1. Do you know which residues across the range 836-851 are part of a strand (DSSP E or B) and either near ligand 2 (Cβ under 10 Å from one of its atoms) or in contact with a Leu (Cβ under 6 Å, 6 or more places away or on another chain) (or both)?
2. In the list E1, E89, E32, which residue meets the criterion of being modelled with pLDDT under 95 and assigned by TED's automatic domain parsing to the domain that holds G464?
3. Look through the range 793-846, keep the residues that are of a type in the set (K, R) and closer than 28 Å to K516 by Cβ, and return whichever of them is surrounded by the fewest Cβ atoms within 10 Å (Cβ to Cβ).
4. Only residues that are surrounded by fewer than 17 Cβ atoms within 10 Å (Cβ to Cβ) and either within 25 Å of S50 (Cβ to Cβ) or in contact with a strand residue (DSSP E or B) (Cβ under 7 Å, 6 or more places away or on another chain) (or both): list them for the range 780-792, please.
5. Which of the residues belonging to the range 139-161 are assigned to a loop (DSSP other than H, G, I, E, B), in contact with a helix residue (DSSP H, G or I) (Cβ under 6 Å, 6 or more places away or on another chain) and surrounded by fewer than 20 Cβ atoms within 10 Å (Cβ to Cβ)?
6. Quick check on this structure: which one of D838, D792, D804 is of a type in the set (D, E), under 28 Å from L521 (Cβ atoms) and not assigned by TED's automatic domain parsing to the domain that holds V747?
7. Determine if the range 661-673 includes at least one residue that is away from ligand 3 (no atom under 16 Å from the Cβ) and in contact (Cβ under 8 Å) with a residue 60 or more places away in the chain.
8. Out of everything in the range 375-417 that is of a type in the set (D, E), modelled with pLDDT of 90 or more and assigned to a helix (DSSP H, G or I), what residue ends up being farthest from ligand 3 (Cβ to nearest atom)?
Amino acid sequence: EPVRIARSGAGRPGYVTVRGAREHNLRDVDVELPRDALVVFTGVSGSGKSSLAFGTLYAEAQRRYFESVAPYARRMIDQVGVPDVDAIEGLPPAVALQQQRGTPSARSSVGSVTTLSSLVRMMYSRAGTYPPGQPMLYAEDFSPNTPQGACPSCGGLGRVYRATEASMVPDPSLTIRERAVAAWPQAWGGQNLRDILVSRGVDVDTPWKDLPRALRDWILFTDEQPQEPVYAGLSPEQTQAARRRRLEPSYMGTFTSARRHVLGTFTNSQSALMRRRAARYLVSEDCPACHGKRLKPEALSVTFAGYDIGELSRMTLSDLAEAMRPAAEDRLPDEDTIPATLDRDAGRQDRARRAAAGASAHAGAPDVRVTPNLSIEKRLAAQRLAADLIDRIGTLTELGLGYLSLDRVTTTLSSGELQRLRLATQLRSQLFGVAYVLDEPTAGLHPADGDAMHEALAGLLAAGNSLFVVEHDIGTMRRADWLVDVGPAAGEHGGTVLYSGPPEGLRDIEASRTRKHLFGLAEPHRRPRRAPTGWLRLEGIVRNNLNGVSAAFPLGCLTAVTGISGSGKSSLVSQALLELVGDRLGRAVETDDEPEDPLDEAPGPTEGRIVGGMEAVRRLVKVDQKPIGRTPRSNLATYTGLFDAVRKLFAATPEARRRRYDAGRFSFNVAKGRCPACEGEGFVSVELLFMPSVYAPCPTCHGTRYAPETLEVTWNGLSIADVLGLTVERACAAFADEPSVLRPLAVLRDLGLGYLRLGQPATELSGGEAQRIKLATELQRGQRGGTLYVLDEPTTGLHPTDVDRLMLQLDGLVDAGNTVVVVEHDMRVMAGADHVIDVGPGAGNRGGTIVAAGRPERVAEAKASRTAPYLREALD
Ligand code: ADP
Ligand code: ADP
Ligand code: ZN
Ligand code: ZN
């Protein structure tokens, strides 16, 4: 599309003026937004809020920034595309805090995202208590991710992995032929190793446990890799006979012990899936040298306020701030008397080592410790650094994140938690004159946590910034200075600005779906509460902050689990309930999570047991907001399986039959029919320096994904690429007479996803959309009953209107004889549930108990519950 940025005419002072915005579904939108104000964009999912806030305003600000800093970026901007808008006036530089859409996050921790870790390292380096005679260390010496800081025994991982007989041979009653050595490769590789043992005369038909010890040890642990003749297909007796007669073998095979195979795969494989498989045959334990603290002994010998840096990194941020308080107020006890004799050799060696490593030698650093005056300087440094740390943690605690620890891996955080971490970092950055563009900052926040978020936003405003916020939360809408309601519906039925002005004015806008929710005109979703058909009872649950908790979930009901952020809802539902029920069903949870790196695994298995109700649960399904795929290669058509049926229709056309094109020809994942240039992706990825890579349309097929011949075949006038370009809604009409395609499409439409295109890449879908696609896939499977569905915050990203539709679907699942458990903050969902479990009362170690449980009306009366007041209001 041609670049059409005209910059003529001046906008209204104090306002950002947008003219002719046409990004995605926007229909030539003209709008004026006040600066230095809280502007909230509302509208049903898919109406075009993000296309306006992120796709237009932020994209344009970013484009201008690129252009100003790097003229060569021009080409890159052309490739990525500029927002389709005629003019934007008065736009300040912008910072976006968006929830991640499908981008895998690199390994990072709370400490590194917030940069608190560097502050802590500096504190230990400059102001720590060193053992007598130990020279001072540099800040990097306290980082497990640097060669100078990492524990030499575990390379900074904190864990060591060992292969044991029990870990590699889980069932010793099996024979080698029956795959007793489970750790060996599957398929041909494993057969090869077995045949080699046969050649060596090992009895592969005796149970493993009855084989001699020395033989078992050799098979599992030897580092030798002998070559043996292999007689493929012969029995052990025939093999021995063939060897005696020196017959020509099928080939020469190389033996590899199970340990060698597993450790080799674990350390060298590029594939996370393979590493994960290998990890299953290893036992891991805290590194005995650093006790899991990942640092070299010298670094761990330095303490601050009595803690080593490993201990400090494991504390919750709230506890950490408490531990720092004496230092900040200069109340630390005096350090042990410093011995008069210093180990000068150590100091000299240290300096030499640093000089060799290219680091600037800190002349005299070791001598610091004997100079009393400098000790005072050190105390001052301690005081200043500790005070700074407390201050910065305060911002995080106010945003309801005080229960996190510095060493928490970010992959285990929810996207809302991650966004708040980033927001906290922004709050400290003291920028002004910037427009912050935010995506649902209240996501994952209990209403009781919401106030702090609103204060944080107010702080950004007070500092002289503008706020453009996409939000579904009524509380945030009420506090807005200015509302922009986009709609009226989604996709091609949306894309217009219905209202732009102070919130009160929306009251008169009939077409707005937001109006009735904001002004309390909506009919509450009410239905008689169901009686449980039984109870799924869990006892003695130990997981994260849950310490011996019992919980009961009513079967055949909709249960909402609530509590403030960090209280333990996810630990109870998404971890303990899923794992315990999954274990009892004898198979993994049905979920399509990407295999995670084993190194990022959450803490060990849940402790606890199920004491009743399992007889009624035959299946377990987790429906979460994780992306349905991480590349543009997956999309809703492939994910739901409806594309298979479409391809069959294409293969059955006369033209396809004449050309002998089968269904595979119409797959962009198979070489024969797809565009060879982009291999069917339709996009090529553009690598940007310092930024995540972005996708640009393939120049050969112009994004159609297919070779020209494939596109010549049409079905009812549509090419296969045309079908991928249809919205769900249009596809419903096009495939009205094809039940196998229509059924999944109709479910998607009923869930409010009619505006999505069939070929819309997974990378463009929001978490809420991904979750509803998963739910639709599940709903079309036909309802057998006896399934336990677990959903974590299903309303994130949903307008109240969409929440109502979702509730309708969940009610449908329950009415069909299933059980649904949702983790939720939305009081309307809670008010509509049959049963509510409130976890708390606080976060982290101040939570982790069940404060109240029962029908919503009962929980609304519970004294200790922080949810009760909000629930009461929702029930009125
Ligand atoms: P909202 O933020 O209100 O949920 P969006 O702005 O994300 O809505 O989407 C508005 C419309 O634009 C939808 O029809 C959506 O499918 C479409 N859309 C969103 N992102 C893209 C994209 N990257 N490419 C093409 N269409 C998109
Ligand atoms: P909620 O779902 O109510 O927000 P969580 O169950 O996620 O709360 O968290 C409860 C406590 O358990 C918090 O202190 C949190 O930091 C901790 N926690 C949760 N998940 C993990 C994890 N994967 N690793 C370590 N700690 C965790
Ligand atoms: Zn170690
Ligand atoms: Zn191509």
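1. Start the filter on the range 836-851 by keeping residues that are part of a strand (DSSP E or B), which leaves 836-840, 849-851.
Across the range 836-851, the qualifying residues are V839, G840.
2. Values: E1 fails: assigned by TED's automatic domain parsing to the domain that holds G464; E32 fails: modelled with pLDDT under 95.
Exactly one residue qualifies, and that residue is E89.
3. Taking the range 793-846 as the starting set, the residues that turn out to be of a type in the set (K, R) are 805, 828, 846.
From what is left, the residues that are closer than 28 Å to K516 by Cβ are 805, 828.
Values: R805: 18, R828: 20.
Filtering first and then ranking leaves R805.
4. Selection gives G786 alone.
5. Listed by number, the residues that qualify are T146, Q148.
6. On the way: D838 fails: under 28 Å from L521 (Cβ atoms); D792 fails: under 28 Å from L521 (Cβ atoms).
Being of a type in the set (D, E), under 28 Å from L521 (Cβ atoms) and not assigned by TED's automatic domain parsing to the domain that holds V747 holds for just one of D838, D792, D804, which is D804.
7. Filtering the range 661-673 for residues away from ligand 3 (no atom under 16 Å from the Cβ) gives 661-673.
Checking the rest, the ones that are also in contact (Cβ under 8 Å) with a residue 60 or more places away in the chain come to none.
No.
8. Looking only at the range 375-417, we keep the residues that are of a type in the set (D, E), and these are 377, 388, 391, 398, 407, 417.
Imposing the further condition that a residue be modelled with pLDDT of 90 or more reduces the set to 388, 391, 407.
Those left that are additionally assigned to a helix (DSSP H, G or I): 388, 391.
On the way: D388: 29, D391: 32 Å.
Result: D391.
The values are calculated or read from the model by the stated rules, or taken from the named source; none is laboratory data. Only a predicted model underlies this, so the values are computations on that prediction, with no experimental measurement involved. Note: ideal-geometry Cβ built from the backbone for every residue, glycine included; neighbour counts use all protein chains shown.
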